[in-house]
Amino acid sequence: MTMAHRPATLEDVARVAGVSRSTASRVLADSGFTSPIARERVRTAADRLGYVPNAAARALVRGAGVRLLVAVAGATPGVLDDSYIHQVVSTTAQVCAPYGLGVTVEWVPLDEPGQLTRLADDRGVAGLLLVNTTEALLDLVPRRLRGRTASIGIGSAAVPSVDIDNGGGTAAIVRHLYTAGRRRIAMVTGPAWLTCASRSTEAYRGVLREAGLPVREVAGDFTAARGRAAAQEVLHRWPDTDAIVGSSDATALGVIDQLRTDGVRVPADVAVTGFDDIPLASVTALTTASHPVRRIAKAAASMVLEQRSAPPVTVFPSSLVLRESA
């Protein structure tokens, strides 16, 4: 979508004025110090672009609370250590900063989804962003935060969602392995309770069914530690395996580490792929699929702030990233 077909944003004003987003925000909010030249540039750019300040986001801060809550579901609090969560939180903070809206992140145990009610009942919470969302969490979103809640994962009629096309990315990976001549392809799955992981597993099964190949699955949890153990399990159960699909890059890197420790050559003996395209993937030459986490988080956080009609589901595409591991 081009600027001609959408309302001008604060980023557009800052870019045209040649200043930072924070400077543009201070000028338009008439708060904090800015130089006379910067003020003139920003106001001129805003007039030229027809910029209208996001009144909904400002009202959200003034009338409903002082922070946006990022609630992350997971089996253990260790889920908060994941680099994926770090990217979501930092991006959300960047989106909220111009409005003076703080961000907090909390773990919600899978076996105690009711913790969300306690967290969201805090009147200081102006908006809610759910991550690793489950049906139980969607059912517990308080009425006062409906319209001010978005989900990264599954959504509902009251909660719009933003997600990655895990199935499409995984299918592209498995088809690449098949085209490369791999015929005994195993997969280390993600957590069964997580919808995105289930989509990846279903995509893997679907491509193998189409090709008339056997399914070989070992349970995983997105961690490198489990990837190492899974690599041993795969080769113990199916010694002739010639490719392993990791449900995440961390899983795949754990698989590679264990294979090389055991004297298995990657990719000569066993090809290995991941999913996410984290920075370490390029350093380690890992074949993977893209996952624009920051774009997804920005879209979700903006839905909370803007409080405007949004599609029930917004899906970002995932594409194959070819490197030396497969």
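Tabulated values for the structure
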{"quantity": "Neighbour net charge for Val16 - beta-carbon separation under 14 angstrom, K R +1, D E -1", "calculated": "+1"}
{"quantity": "Karplus-derived HN-Hα couplings along the range 182-199 (A = 6.51, B = -1.76, C = 1.60, θ = phi - 60°), whole Hz, x at Gly and Pro", "calculated": "7, 10, 10, 9, 9, 9, 9, 6, x, x, 4, 6, 8, 4, 4, 5, 5, 5"}
{"quantity": "Normalised contact order of the range 140-255, rounded percent, pairs of Cα under 8 Å and 6 or more residues apart", "calculated": "26"}
{"quantity": "Cleavage-rule hits, trypsin sites (Lys or Arg not before Pro), the range 64-133, DSSP coil, Cβ neighbours within 10 Å at most 10", "calculated": "Arg123"}
{"quantity": "Helix axis angle, 83-96 relative to the chain longest principal axis, alpha carbon, degrees", "calculated": "10"}
{"quantity": "Loop-located trypsin sites (Lys or Arg not before Pro) in the range 260-326 whose Cβ has at most 10 other Cβ within 10 Å (DSSP)", "calculated": "Arg265, Arg308"}
{"quantity": "Sequence ranges 93-102, 144-153, ranked by mean other-Cβ count within 10 angstrom, highest first", "calculated": "144-153, 93-102"}
{"quantity": "Net +/- balance of residues flanking Pro142 in space, Cβ distance below 13 Å, scoring K and R +1, D and E -1", "calculated": "+3"}
{"quantity": "R0 of 35 Å, Cβ-Cβ distance Asp257-Leu119: FRET efficiency to nearest 0.05", "calculated": "0.40"}
{"quantity": "Percent RCO, i.e. relative contact order, over the chain, from Cα pairs under 8 Å lying at least 6 residues apart", "calculated": "16"}
{"quantity": "Candidate values (1) 6, 26, 37, 25, 6, 0; (2) 6, 24, 27, 21, 14, 6, 1, 0; (3) 6, 25, 34, 23, 9, 2, 0, label of the one derived for P(r) over Cα pairs in 10 Å bins from 0, in percent", "calculated": "(2)"}
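Each reported figure results from applying straightforward, stated rules to the coordinates on display, with no laboratory input. Small disclaimer: the values here were computed from a predicted structure and weren't measured. Note: ideal-geometry Cβ built from the backbone for every residue, glycine included; neighbour counts use all protein chains shown.
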